[in-house]
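Engineer: Before we start, here is the structure in question, set down as C-alpha cells.
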Amino acid sequence: MGEADDSSKSKRVVFVTVGTTSFDSLVRAVDTGEVREALFKKGYTHLLIQMGRGSYIPLKHAGGDESLSVDYFTFSSSIAEFLKSASLVISHAGSGSIFESLRLRKPLIVVVNEDLMDNHQSELAEELAERKHLFCARPQTLYDTISAMDSESLVAYQPGDATPVAKFIDRYLGFTDE
C-alpha cells in the first residue's frame, strides 16, 4: 500500500465518495488543479468521484502522461467494487464508508463536512486519525494532507474488536464515566 514516487503506468485509482448526501466542498477540493497535481505526483493515475446529490460538477479529464484521468458519477447501487479497486480512498466522515475502507485496508483520507450541524462524525474521524488508522482533513486542508501523507505510517485497523470505539462513543454520549 505504499506510494509511488514516479508516475508509473500501472493504474492507481483514487476513489472519492460523499455518500448519499451533498458535499460540494469536498468535490470542489478534489477538483482543484493543486489537489489533482499532488495526487499525480504521488503516483496516482485516475480520480473517480462519487458526487452524490451535489450540484457542483467536476471537470472530466482523459488524463495522459502528465495528468490525472478524472471521471465522476452521482450514485451506484453499491460502491464496494470501487472501494476494492481503489489505491486510495478519500471519503466523507460517514461511519459505513470509513469502516468499509479500513476493513479493506485501503489508505484513507476522511474529509469532515463542517457544514453539518452537530457533526458527531468528526469525533470518529479524529479519533481514528489519532490512532493512525487514517488521515483526517477538512476541504481546505485536503491539499496539505495529500502532500504530507505517507500511507506507510498508517496502522491497520483490527475490525474484530470494536470495544475501543464503542467505549469512546459511550463516553462521548455520556453513557459511562470510564
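The values are calculated or read from the model by the stated rules, or taken from the named source; none is laboratory data. Just so it is clear, the structure is predicted and the values come from calculations on it, not from any experiment. Quick reminder, even Gly has a Cβ in these numbers, built from the backbone with ideal geometry, and neighbours come from all protein chains shown. Only protein heavy atoms, including side chains, enter the accessible area calculation; ligands, DNA and RNA are left aside. Shrake-Rupley method; radii C 1.70, N 1.55, O 1.52, S 1.80 Å.
Engineer: Against the condition under 14 Å from the mean Cα position of the chain (by Cα) and open to solvent by 10 Å² or more (accessible area, probe 1.4 Å), how does residue 105 come out, does it pass?
Structural biologist: Judged against the criteria, residue 105 is a match.
Engineer: For segment 55-64, enumerate the residues that are loosely packed, with under 12 Cβ neighbours inside 10 Å, modelled with pLDDT under 95 and small (Gly, Ala, Ser).
Structural biologist: If the condition is that a residue be loosely packed, with under 12 Cβ neighbours inside 10 Å, modelled with pLDDT under 95 and small (Gly, Ala, Ser), then 62, 64 are the ones that fit.
Residue by residue, here is whether (1) closer than 20 Å to residue 167 by Cα; (2) surrounded by 17 or more Cβ atoms within 10 Å (Cβ to Cβ); (3) touching a residue at least 60 places away in the same chain (Cβ under 8 Å) holds:
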position: 91; (1), (2), (3): no, yes, yes
position: 113; (1), (2), (3): no, yes, yes
position: 116; (1), (2), (3): no, no, no
position: 125; (1), (2), (3): yes, yes, no
position: 131; (1), (2), (3): yes, no, no
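Engineer: Consider segment 152-175. How many of its residues are open to solvent by less than 40 Å² (accessible area, probe 1.4 Å) and modelled with pLDDT under 95?
Structural biologist: 2
Engineer: I need a count of the residues in segment 80-89 that are touching a residue at least 24 places away in the same chain (Cβ under 8 Å) and either touching an Asp or Glu at 6+ places or on another chain (Cβ under 6 Å) or open to solvent by less than 40 Å² (accessible area, probe 1.4 Å) (or both).
Structural biologist: 5
Engineer: Taking residue 97 as meeting all but one of (1) free of Cβ contacts under 8 Å to residues at least 60 places away in the same chain; (2) within 24 Å of residue 132 (Cβ to Cβ); (3) open to solvent by less than 60 Å² (accessible area, probe 1.4 Å), write down the number of the exception.
Structural biologist: Unmet for residue 97, out of (1) free of Cβ contacts under 8 Å to residues at least 60 places away in the same chain; (2) within 24 Å of residue 132 (Cβ to Cβ); (3) open to solvent by less than 60 Å² (accessible area, probe 1.4 Å): (1).
Here's the yes/no breakdown for (1) more than 15 Å from the chain's Cα centre (by Cα); (2) surrounded by fewer than 17 Cβ atoms within 10 Å (Cβ to Cβ); (3) farther than 24 Å from residue 149 by Cβ; (4) of a type in the set (Phe, Trp, Tyr):
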{"position": "19", "(1), (2), (3), (4)": "no, no, no, no"}
{"position": "27", "(1), (2), (3), (4)": "no, no, no, no"}
{"position": "53", "(1), (2), (3), (4)": "yes, yes, yes, no"}
{"position": "66", "(1), (2), (3), (4)": "yes, yes, no, no"}
{"position": "69", "(1), (2), (3), (4)": "yes, no, no, no"}
{"position": "78", "(1), (2), (3), (4)": "yes, yes, yes, no"}
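Engineer: Does residue 10 satisfy being closer than 27 Å to residue 129 by Cα and polar (S, T, N, Q)?
Structural biologist: Considered against the rule, which asks whether it is closer than 27 Å to residue 129 by Cα and polar (S, T, N, Q), residue 10 comes out as no.
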